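Remarks on the structure that follows.
Coordinate-derived values only; no laboratory data. Predicted model only: the values in this text are computed from it and were never measured. Neighbour counts run over all protein chains shown; Cβ positions are idealised from the backbone, glycine included.
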Amino acid sequence: LGLNNAYNLIHFLAPAFGLLWLLFVLYAWSLARRQSRLRREIEELKTKLPLAKPSGASGH
Amino acid sequence: MSPFNFILLALSGLLAIYVAVRIGKYAYSHGPREALAAATSSLSLHLLLTLAWIWVALYMMFFYAPEEATMGQVQRIFYIHVPCGWSALLGFIIIFIASMVYLAKRSVYSDEVAHAAAEVGFIFNCGSLITGSLWAKPVWGIWWTWDPRLTLTFLLWLLYVAYLMLRSYMVNPSRAANLCAVVGIIGFIDVIIDYMAIRWWRTQHPQPVIAGGPNSGLDPRILAALLVSVGAFTCLYFYLLRLRLRLAESRRELSEIRRTLELSSSEG
């Protein structure tokens with residue numbers, strides 16, 4: 001690698017690739033986190049559903 | 001071993017370890033049969049295809065494509081900058097189509113697709129602006145200039161921001177969907193002008209290298225690496241879009257459960 005090439009590699013090429021993949025990984029991680037939080041909430045509420053239904057039915 | 005070779009090898013190793021650990025943990029908590037089913041689900045196979053395609057694209061960017069004579073190694077940013085720009089435009093094309101379908105049929109799914117496409121497209125648009133800036137500095141000597149192509153890409157970024165802000169801040173979901181569909185359709189004009197900008201005007205940004213007329217063209221190896229990379233990024237775009245749609249589906253399920261619970265408690 002020439003001197004200019006090495007400088008550009010460290011200061012521009014590596015940050016461009018690094019930042020881009022970091023952006024994708026962070027976004028995928030945020031999606032996975034939001035998804036698992038929602039799934040947890042759904043599972044919690046689902047446990048209340050069978051209890052809620054009979055009580056609703058008893059009201060009629 | 002060259003630094004590129006080392007980085008690719010290290011990344012592959014880390015990725016393989018990560019996948020093995022995730023599968024192992026899943027098998028431990030859910031059992032081997034469920035782990036196998038999850039590993040061979042459509043989303044997992046899509047992820048596998050995306051990762052393999054990205055790996056091939058990275059290999060082609062650094063080993064197959066020759067070093068460009070004038071710019072040297074930094075020209076390799078081209079192989080991620082162009083696919084990012086393409087995916088950002090693709091995002092708005094999907095928003096445009098989904099918005100049209102939503103306004104015509106009032107389909108909730110179309111609205112969800114438009115919203116998901118906007119979020120994923122925004123990420124790729126950010127990638128396009130970041131990599132473009134990091135490429136411009138060593139080549140042009142400046143990080144940014146108000147050239148038509150760059151300005152229109154920045155305008156696209158602002159449109160994505162406006163679209164996502166409307167989604168977040170509007171209280172009435174039906175009104176938000178209507179307004180966002182209109183923004184998605186009007187904003188598509190920017191996509192067309194952005195694509196044509198380097199064909200209509202002489203700009204600081206390079207003229208088109210594909211479908212750009214008789215004087216355009218690329219070395220066949222550079223073109224092959226670019227096309228493989230565009231394919232990999234498109235595959236990644238659709239993978240992230242599917243993940244985002246799964247999230248929307250879960251949100252819908254959650255609100256249905258909440259509604260059922262509210263109904264049950266009010267009846268009780």
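Placing unit charges on the Cβ atoms only, positive for Lys and Arg and negative for Asp and Glu, gives the stretch B:144-218 a dipole magnitude near 80 debye about its Cα centre.
Per residue of A:31-40, count partner chain C-beta atoms within 10 Å of its C-beta, then hand back the mean as an integer. Provide the component values of the computation, followed by the final result.
Details: counts 7, 2, 0, 5, 7, 1, 2, 8, 4, 0.
Neighbouring Cβ atoms belonging to other protein chains average 4 per residue here.
Counting, for every residue in B:133-146, the Cβ atoms of other protein chains within 10 Å of its Cβ and taking the mean gives 2.
If I require 18 Å or longer along the helix axis, counting alpha carbons, and a Kyte-Doolittle average no lower than 1.0, what helices from chain B are left? Use full DSSP H segments. Please report the intermediate quantities before stating the final value.
Numbers: long enough: B:3-30 (40 Å, 1.10); B:42-59 (26 Å, 1.68); B:78-105 (40 Å, 1.64); B:108-140 (46 Å, 0.62); B:148-169 (31 Å, 1.07); B:173-200 (39 Å, 1.18); B:220-267 (70 Å, 0.29).
Span-like helices in chain B: B:3-30, B:42-59, B:78-105, B:148-169, B:173-200.
Each listed q (0.10, 0.11, 0.12, 0.14 Å⁻¹) maps to a log10 I(q)/I(0) for the protein assembly as shown from the Debye sum over equal C-alpha point scatterers, namely -0.70, -0.83, -0.95, -1.20.
With q set to 0.12, 0.20, 0.24 Å⁻¹, the log10 of I(q)/I(0) for the stretch B:7-70, from the Debye formula over equal scatterers at the Cα positions, is -0.43, -0.85, -1.03.
When the P(r) is computed for the stretch B:170-268, the part past 19 Å accounts for 71% of the Cα-Cα pairs.
Let me have the 222 nm mean residue ellipticity of the protein assembly as shown computed from DSSP H runs of 4+ only, each contributing -39500 (n - 2.57), with the sum over all residues rounded to the nearest 500.
On the way: 10 runs with 264 residues, N = 328.
It comes out at -28500 deg cm²/dmol, rounded to the nearest 500.
With the cut-off at 20 Å, report for the stretch B:128-232 the share of all Cα pairs above it, as a whole percent. Numbers along the way, then the final one.
Details: 3043 of 5460 pairs.
Tail of P(r) above 20 Å: 56 percent of Cα pairs.
For the stretch B:18-128, the square roots a ≥ b ≥ c of the C-alpha gyration tensor eigenvalues yield an a/c of 1.5 or more together with a/b not exceeding b/c, which makes the shape oblate.
Summing charges over all other residues whose Cβ lies under 13 Å from the Cβ of B:W201, with Lys and Arg as +1 and Asp and Glu as -1, gives +1. Under the combined filter of DSSP loop state and at most 14 neighbouring Cβ atoms within 10 Å, the stretch B:54-151 retains these GluC sites (Glu not before Pro): B:E67. By the rule of a C-alpha distance below 29 Å, with chain neighbours fewer than 8 residues away ignored, the lysines paired with A:K46 are B:K25.
Projecting the Cα positions of B:H205, B:L156, B:A65 onto the charge dipole of the protein assembly as shown (unit charges on Cβ atoms of Lys, Arg, Asp and Glu, taken about the Cα centre) puts B:L156 furthest along the positive direction. The residues packed around B:A136, meaning those with a beta-carbon under 14 Å from its beta-carbon, carry a net charge of +1 if Lys and Arg are +1 and Asp and Glu are -1.
Given axes a ≥ b ≥ c from the Cα gyration tensor, I'd like to know whether chain B is rounded (a/c under 1.5), prolate (a/b larger than b/c) or oblate.
On the way: a/c = 2.63, a/b = 1.26, b/c = 2.09.
It is oblate, given that a/c is not under 1.5 and a/b is not larger than b/c.
Distance between the modelled labels on B:E67 and B:A27, one decimal in nanometres: 4.4 nm (7 Å Cα→Cβ projection). The dipole here belongs to the protein assembly as shown: it is taken about the Cα centre, uses +1 on the Cβ of Lys and Arg and -1 on the Cβ of Asp and Glu, and is about 660 debye.
Here's how it looks for B:Q204: its modeled amide H is under 5 Å from none belonging to a residue 5 or more places away or on a different chain.
With Cα atoms defining each centre, the stretch B:236-255 and the stretch A:3-53 are spaced 13 Å apart in the structure.
What is the calculated FRET efficiency for B:S12 to B:N172, with r their C-beta to C-beta distance and R₀ = 45 Å, to the nearest 0.05?
Numbers: r = 48 Å, r/R0 = 1.07.
It comes out at approximately 0.40.
Label-to-label distance, A:S30 versus B:A224, with points set 7 angstrom from Cα along the beta-carbon direction: 3.8 nm.
With the simple spin-label model, which puts each label point 7 Å out from Cα in the Cβ direction, the B:V209 to B:L263 separation comes to 5.8 nm.
Tell me, what is a quarter of the convex hull surface for the C-alpha atoms of the stretch B:120-171, in nm² with one decimal?
Values: hull surface 15.0 nm².
For the stretch B:120-171, averaging the hull's shadow over all directions gives 3.8 nm².
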